[in-house]
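Here the structure is laid out as structure tokens; the discussion comes afterwards.
Laboratory data are not the source of any read-out in this text; all were calculated from the coordinates shown. The structure presented is a predicted model; accordingly, all values stated were derived computationally and were not measured. In this analysis, Cβ positions are derived from the backbone assuming ideal geometry, glycine residues included, and neighbour counts consider all displayed protein chains.
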Amino acid sequence: MEVPLNPIGREEIHRLESILLFATLFRPEVIELIKDPAERLTWVDSLAVAAGAIAREKAGMTVREIAEELGRTEATIRKHLKGETKAGQLVRETYELIKQGKLDELVRNVEVLAKGGQLVALEEYEKLKREKEELEAKLNELRERLKELEAQNRELQAKLENVRKVLNDALERIREIEKLL
């Protein structure tokens, strides 16, 4: 799924907002910042507002429209958008990292989570992909071998039928000879 860096419509705005929020939350420096349980809710809320503001800004919404939609003051929205808040700075950095393709694996994982899937590390994914390819190749080999065995079986069935005919003919002759004797 493509990250809508300049979203058009509500669905793309919400997708960019979610990706910005989760990608920012999972950055190592942010994880350090939110370790303190007392600060966690404030941080998550601030990051959510900043992510929402930046996603809407990228969609071309005005500060007033963003403030109304997010239920915050225009001053708060401006601070987040200008990077005057730590949350605004972090989300803006995350946006730039995504834009540069430096968070591709993290974004893929966020999308997988959003769809209700489980995270799989890139190395694990590559390993599973190789195993799948190997198993598919083995399956194809076995299918070919099965075709060969089925062809051999048909040949053997035909030979067996010929042997039966020869034996039946021989038995028929023996019966005829016995009648003559």
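Values computed for the structure shown
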item: Value of D in µm² per second that Stokes-Einstein yields for the chain, Kirkwood Rh from Cα pairs, at 4 °C (1.567 mPa s); result: 60
item: FRET efficiency for Glu155 and Glu133, using Cβ-Cβ distance with R0 set to 45 Å, rounded to 0.05; result: 0.85
item: Which listed pairs, of Lys58/Lys86; Lys58/Lys129; Lys102/Lys132; Lys79/Lys102, have C-alpha distances above 30 Å, in listed order; result: Lys58/Lys129
item: Estimated [θ] at 222 nm from DSSP helical runs (n ≥ 4, -39500 (n - 2.57)) normalised by residues in the chain, nearest 500; result: -27000 deg cm²/dmol
item: Choice from Arg92, Arg78, Arg145 with maximal GNM fluctuation in the chain (Cα, 10 Å cutoff); result: Arg145
item: Cα-projected label distance for Asp36 with His14, points at 7 Å along beta-carbon direction, nm; result: 3.4
item: Gaussian network model of the chain, Cα within-10 Å springs - most flexible of Glu133, Glu12, Glu84; result: Glu133
